[in-house]
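As structure tokens, the structure follows; a few thoughts come after it.
The values are calculated or read from the model by the stated rules, or taken from the named source; none is laboratory data. Remember, it's a predicted structure, so these values are computed and weren't measured experimentally. So basically every Cβ, Gly included, is an ideal-geometry build from the backbone, and we count neighbours across all protein chains shown. Heavy atoms of the whole protein, side chains included, go into the accessibility calculation; ligands, DNA and RNA do not. Shrake-Rupley method; radii C 1.70, N 1.55, O 1.52, S 1.80 Å.
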Amino acid sequence: MNPQQKINALRDELREHNYNYYVLDNPTISDYDFDMKLKELQALEETHPEFHDPNSPTLRVGGEVTKNFETIPHTYRMYSLDNSYSKEDLEDWEKRIKKLVDGEIEYTCELKYDGASMSLTYEDGKLLRAVTRGDGFQGDNVTTNVKTINSVPLQLKGNYPPLFEIRGEIILPFDGFNKMNEERIAAGEEPYRNPRNTASGSLKLQDSSEVAKRPLECLLYSIKGERLGITTQFENLEKAREWGFKVPAEARLAKSIDEVLEYVNYWDVHRHDLPYETDGVVIKVNNLQQQEELGHTSKAPRWAMAYKFKAEQVSTVLKEITYQVGRTGAITPVANLEPVELAGTIVKRASLHNADQIAKLDIREGDTVYVEKGGEIIPKIMGVDLSKRKVGSSPTQYITQCPECATDLIRKEGEAQHYCPNVEGCPPQIAGRIQHYISRKAMDIEGLGGETVVLLVENKLIENYADLYELTQEQIIPLERMAEKSAENLVLGIEASKKIPFERVLFALGIRYVGETVAKKLARHYKSIDALMAASEEDLVAIDEIGDRIAESVISFFSSEENVTLVNRLKEHGVQLEISEEERANQTDTLQGKTFVVSGVFEKVSRNELKKLIENNGGKVSGSISGKTSFVVAGDNMGPSKRTKAESLGVPIISEDDFLAMIS
Ligand code: AMP
Ligand code: ZN
């Protein structure tokens, strides 16, 4: 064998062992022998760099460092799932979908893995990229990190399609999670809170060799692509398994909701025997043609439903109630608990929401309380064990003054939250607004973290986000934990933020109720901050999906002189306060006021490109046909029930070419 043949033979052999070990859980050689072969391959690759392969098994150990994860749009949007909690919920769902599709409906039941969603793209059997779910439309390219996960195949087996995407969940099994925590505790570090957050946090580590050390796994559940020749979800799972993916064997077919419930009830009990966390079951319409006909709402597929298991509860002692002040001045009471294990993790704090909640449950310091963990990170207090209440305990007196600046708190009509009205002078509010401004989804300022903001505010170097642009290295260097290099990076990071597009700047300003999506909408509509500032409340509410609450908040924001000064200062510093020429060029109003439904498979553009074209030209994309639909753009394989519906409502059905002609 020449060196190239030897290298290839070793790569194939190691790949197979890797598969046996991590996907099948059935190793056929000892760890020692595996390591020896890996070392042999490493040595050969070093002496023969000409045979480099980015998917070689030796690269599982990582080493590449990513400073900035590139944002990548998803070819197929990554949806969320609707939730159900009871038999009735499932029966209602079945009724709804039976109205929309013809024929018998069969379901696949799968476990709902609790981790971080992931989209993997394979081209010619090789892993091309791995992208996080992000906001569903775009995510982060974390390929270098995902490559280190042993159950993710780098080279597929069998008869796979030339190009496809596969969706799955990156999880951290309990065993591995506990081992990581033992090591952390031994090193005097805080243990990680739960497997899910640790898994998703791992994906964003900069050093991939750190990721390689974590016992992550990737469990797959769906394949997306054009002309794959697959007709059911169950077949999806089988195919993925054949190609070398780890697809848990627990999935079952069910012919009725009763059979679905049998599955649910079984796993509600047996989930505790699984090596990883599951918070429910995902039920999917098995037939892909029926799925296509059912389509999606704006958030989730109509053809799938998550069934959430009832959360686990434990009781523990509430040691103290403390209060946090957010960036909007909202006060959040926090329960500090005697640490307790809950669903495999240690819980120390729980949110108490607001004064009403405390009063309603009559929660007092020293009480023994029931704590429950639902989907969210911070567990909830569900009630008090009154039998354990100490004599002489008195009801909780909610604070009346801000714990940070001693200003009297206010509570607006109809709102549950108390607020500190000292917007300009309350330190956590000042820092909070700047922290929001620099956050990842806003200006994403590299080299500047939340703690540094607090430090800068405490040292009176900044009071607002416009001040950031006047910071100098000389001012920063003397601060605690700052060195010349970090000060330089900070200033460079701030400078770089001047390139962030207008829609994100608008989000960064921190106008109440103007989240990412609303900011996008307003930026698209007004195209510049000046136009937005000139808009009246009536102008604003005339925009689709902008309601009174948002409109009022925008008007109120710009009616403050301080805010106008801030905006003007940002403008002077060169922050993007209007959309770019390029964005302008790609956006037209040709389809203004028209609503489109897209159905089927297309020749010239992908479904997603088609949707983007509609939106960029001012049109609206909707998931289902109604009297308000202007056109249905139909490709191959358009669902028959959609066609009937369009015809009965007299909605014109146009082809891809008709559509392209419309915008050209
Ligand atoms: P949620 O984030 O609660 O809306 O739930 C949707 C998420 O569930 C998806 O984005 C997936 O990441 C995750 N999920 C876990 N297991 C499955 C499964 N078997 N099928 C589909 N989605 C799943
Ligand atoms: Zn305050």
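Helix-only mean residue ellipticity at 222 nm, the chain, DSSP H runs n ≥ 4 weighted -39,500 (n - 2.57), per residue, nearest 500. What is it?
Result for the chain, helices only: -10500 deg cm²/dmol.
Classify segment 313-388 as rounded, prolate or oblate, taking a ≥ b ≥ c as the square roots of the eigenvalues of its Cα gyration tensor: rounded when a/c is under 1.5, otherwise prolate if a/b is larger than b/c and oblate if not.
oblate
When the expected Rg is taken as 2.2 N^0.38 Å, what fraction or multiple of it is the alpha-carbon Rg of segment 136-188?
1.61
Within the set Lys147/Lys246; Lys6/Lys67; Lys213/Lys239; Lys213/Lys373; Lys179/Lys319; Lys299/Lys498, which residue pairs have Cα atoms separated by over 26 Å?
In this structure, Lys6/Lys67; Lys213/Lys239; Lys213/Lys373; Lys179/Lys319; Lys299/Lys498 lie more than 26 Å apart at Cα.
Before anything else, pin down the relative contact order of segment 150-293: Cα pairs under 8 Å, at least 6 apart, normalised by residue count, whole percent.
Across segment 150-293, relative contact order equals 32 percent.
Measure off, as a whole percent, the carbon and sulfur share of the 1.4 Å-probe accessible area of segment 502-585, all protein chains present.
46 percent
When you take every Cα atom in segment 206-327, what is the radius of gyration, and what is Dmax, the widest Cα pair distance, in Å?
19.4, 60
So if I take the centroid of the Cα atoms in segment 513-569 and the same for segment 1-57, what is the distance between those two points in Å?
Taking the Cα centre of each part, segment 513-569 and segment 1-57 sit 58 Å apart.
Hey, what's segment 63-198 come to in accessible area per residue, 1.4 Å probe, Å²?
About 47 Å² of surface per residue is accessible.
State the number of lysine pairs found in segment 589-663 whose Cα atoms come within less than 17 Å, restricting to pairs 8 or more positions apart or on distinct chains.
Taking segment 589-663 as the scope, the lysine pair count is 10.
Provide the gained length on full extension for the span Arg184 to Tyr32, in nm with one decimal, where the gain is 0.36 nm per separating residue minus the Cα-Cα distance.
The Arg184-Tyr32 span can extend by a further 52.1 nm.
How long is the gain from Asp273 to Phe137 if the chain were fully straight, where each residue apart is worth 0.36 nm and the alpha carbon distance is subtracted?
Between Asp273 and Phe137, full extension yields an extra 45.4 nm.
Report relative contact order for segment 589-663 in percent, whole number only (criteria: Cα-Cα under 8 Å, sequence separation at least 6).
Dividing the mean separation by the residue count of segment 589-663 yields 37 percent.
Please work out the Cα center distance from segment 233-250 to segment 269-318, rounded to the nearest Å.
Between the Cα centre of segment 233-250 and that of segment 269-318, the gap is 18 Å.
Solvent-accessible area per residue for segment 539-603 at a 1.4 Å probe radius, Å²?
Solvent-accessible surface per residue comes out at 55 Å².
Provide, as a two-decimal number, the C-alpha radius of gyration of segment 527-653 over 2.2 N^0.38 Å, N being how many residues it has.
The value comes to 1.41.
Cross-link partners among lysines for Lys412, C-alpha distance below 22 Å, same-chain residues fewer than 8 apart left out?
Result set, ordered by chain and number: Lys360.
What does the convex hull of the Cα atoms of the chain come to per residue, in Å³, rounded to a whole number?
205 Å³
Skip the ligands, DNA and RNA, and give the accessible area per residue of segment 451-537 with a 1.4 Å probe, whole Å².
Heavy-atom accessible area per residue stands at 49 Å².
How large, in percent, is the carbon and sulfur part of the accessible surface of segment 427-499 at a probe radius of 1.4 Å?
Within segment 427-499, the accessible surface is 49 percent carbon and sulfur.
Treat each spin label as a single point 7 Å out from the Cα along the C-beta direction, and report the Glu235 to His296 distance in nm.
Between Glu235 and His296, the simple spin-label model gives 2.3 nm.
When you take every Cα atom in segment 1-105, what is the radius of gyration, and what is Dmax, the widest Cα pair distance, in Å?
23.8, 66
With the full set of protein chains in place, find how many percent of the accessible area of segment 589-663 is carbon and sulfur; take the probe as 1.4 Å.
48 percent
At a probe size of 1.4 Å, how large is the accessible area of Trp243, to the nearest 10 Å²?
10 Å²
Over segment 208-255, what is the relative contact order in percent, taking alpha-carbon pairs closer than 8 angstrom and at least six residues apart?
38 percent
Separation of segment 587-664 and segment 189-224 by C-alpha centroid, Å?
When both Cα centres are located, 39 Å separates them.
Can you pull the Rg over Rh of segment 589-663, Cα-only, Kirkwood?
Expressed as Rg/Rh, it is 0.93.
By what distance, in whole Å, do the Cα atoms of segment 135-228 stretch along each of the three principal axes, largest value first?
53, 30, 22
Under a plain spin-label model, where a point goes 7 Å from the Cα along Cα-to-Cβ, how far apart in nm are Glu320 and Gln4?
6.9 nm
Determine which aspartates and glutamates satisfy two conditions relative to Lys157: a Cα distance under 16 Å, and not lying fewer than 8 residues away in the same chain.
Asp12, Glu13, Glu16, Glu123, Asp124, Glu165, Glu238, Glu242
Once the Cα atoms of segment 427-499 are picked out, what are the Rg and Dmax in Å?
Using the Cα atoms of segment 427-499, the pair Rg, Dmax is 10.9, 29 Å.
How large is the convex hull of the Cα atoms of segment 502-585 per residue, expressed in Å³ as a whole number?
85 Å³
Working out 0.36 nm times the residue gap between Ser559 and Asp82, then minus their Cα-Cα distance, what length gain in nm do you get to one decimal?
167.8 nm
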